[in-house]
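What follows is one structure encoded as structure tokens, with my remarks underneath.
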Ligand SMILES: *Cc1c(COP(=O)(O)O)cnc(C)c1O
């Protein structure tokens with residue numbers, strides 16, 4: 001009976017595995033690029049008061065214009081041809097984009113190492129995802145990228161800017177060349193925009209095939225599940241047909257509006273994290289047998305020498321510090337990724353790392 005039922009599922013499901021998240025109870029949690037700061041008691045009270053008026057018996061606004069206007073006001077671009085599409089996290093928007101191009105012979109192009117969801121979502125929807133290795137400095141391999149665009153003519157190209165898990169911003173000229181060469185949709189994923197010194201937000205109006213993807217997750221609202229796409233009106237209108245009605249629940253809509261009305265709090269936290277990032281990077285650089293890579297995000301990638309990343313990762317776990325072991329990813333042998341936390345968390349991590357390196 002069960003077998004018969006399971007046989008009705010797409011056979012490809014067998015080769016997929018569910019997304020696993022490490023258990024973090026009782027750990028200093030520096031694995032998922034969450035903002036370590038919470039809101040003040042006063043702000044929390046105002047937030048609860050704001051939510052208390054929610055008409056939870058009603059469906060939410062299916063397409064909340066005021067929220068989209070606030071997003072556009074805060075993050076831009078405020079160009080008349082640019083529209084926004086809201087998602088239940090940017091993961092949902094990545095899924096919607098792959099759904100939109102999924103047909104025979106269509107493919108996705110990205111780089112490796114990069115954000116795993118581009119590959120995972122393409123696989124689950126049966127769309128081939130090609131990825132081109134970054135060079136040894138984690139820069140784009142422009143010649144290989146252009147050759148892949150020529151060969152596969154990808155319908156969808158994902159570039160995380162800054163990239164996760166390497167943390168760097170690529171050469172802007174290389175990204176521009178890729179945008180100008182691509183005949184498909186190019187998504188610039190600026191999940192780490194709040195911590196970065198550059199953005200493609202002002203380039204959007206000039207390229208009808210470019211979409212900018214952003215999220216509230218890294219900004220301090222990972223629990224909310226809210227992301228958005230900005231792009232040209234015609235393309236956004238087509239994509240919007242695939243969006244499930246009411247995909248942004250009422251509590252998320254209200255909370256995001258409240259967060260934007262108090263944006264200075266989030267901006268201040270991001271500025272603090274950028275300062276902490278610089279301090280942590282200097283501290284790591286001074287530890288023997290550690291190489292830390294430049295970062296424009298709220299995490300640092302580092303490499304260990306004279307020890308294996310697996311061993312260091314496990315020793316940190318034993319000291320109740322959870323970071324991310326990325327050493328199995330292509331080009332990242334013996335690399336680990338740590339999220340920038342509070343000063344206290346960063347110090348606990350540095351102490352445990354120093355001890356682990358012995
Ligand atoms: C964390 C991250 C996201 C965020 O995804 P959400 O679903 O919005 O939480 C998107 N892109 C990149 C590159 C990321 O690292």
Being part of a helix (DSSP H, G or I) and modelled with pLDDT of 95 or more narrows 35, 44 down to just 44
Of all residues in region 83-96 being surrounded by 24 or more Cβ atoms within 10 Å (Cβ to Cβ) and part of a helix (DSSP H, G or I), which is nearest to the chain's Cα centre (by Cα)? 90
Quick check on region 277-294: of everything there that is in a loop (DSSP other than H, G, I, E, B) and in contact with a strand residue (DSSP E or B) (Cβ under 7 Å, 6 or more places away or on another chain), which residue is surrounded by the most Cβ atoms within 10 Å (Cβ to Cβ)? 293
Can you find, within region 308-334, the residue that is nearest to residue 30 (Cα to Cα) among those that are touching a residue at least 40 places away in the same chain (Cβ under 8 Å) and in contact with a helix residue (DSSP H, G or I) (Cβ under 7 Å, 6 or more places away or on another chain)? 323
Is it true that some residue in region 3-14 is closer than 30 Å to residue 326 by Cβ and within 16 Å of the ligand (Cβ to nearest atom)? no
Going by the conditions given, is residue 148 away from the ligand (no atom under 15 Å from the Cβ), part of a loop (DSSP other than H, G, I, E, B) and surrounded by 15 or more Cβ atoms within 10 Å (Cβ to Cβ)? no
If a residue has to be touching a strand residue (DSSP E or B) at 6+ places or on another chain (Cβ under 7 Å), in a loop (DSSP other than H, G, I, E, B) and within 21 Å of residue 297 (Cβ to Cβ) to count, how many in region 151-166 make the cut? 3
Filtered residues of region 99-119 (kept if farther than 19 Å from residue 161 by Cβ and crowded, with 17+ Cβ neighbours inside 10 Å): 100, 101, 106, 107
Based on what the data block shows, is residue 158 under 20 Å from residue 190 (Cβ atoms) and within 14 Å of the ligand (Cβ to nearest atom)? yes
Kindly provide the set of residues from region 97-144 that are more than 16 Å from the ligand (Cβ to nearest atom), in a helix (DSSP H, G or I), without any contact (Cβ under 8 Å) to a residue 24 or more places away in the chain and in contact with a strand residue (DSSP E or B) (Cβ under 7 Å, 6 or more places away or on another chain), ordered by number. 144
Could you please tell me which pairs satisfy a Cβ distance under 6 Å, a separation of 6+ or placement on different chains, a first residue in region 64-91 that is farther than 27 Å from residue 122 by Cβ, and a second residue that is at pLDDT below 95 and away from the ligand (no atom under 16 Å from the Cβ)? 72/78
So, in region 171-216, how many residues would count as being closer than 23 Å to residue 340 by Cβ and buried (at least 22 other Cβ atoms within 10 Å of the Cβ)? 12
Can you find a residue that is under 30 Å from residue 47 (Cβ atoms), assigned to a helix (DSSP H, G or I) and within 21 Å of the chain's Cα centre (by Cα) anywhere in region 297-311? no
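The values are calculated or read from the model by the stated rules, or taken from the named source; none is laboratory data. Note that the structure is a prediction, hence the values are computed from the model and not measured. Don't worry about glycine lacking a Cβ; one is built from the backbone with ideal geometry, like all the others, and counts go over all protein chains shown.
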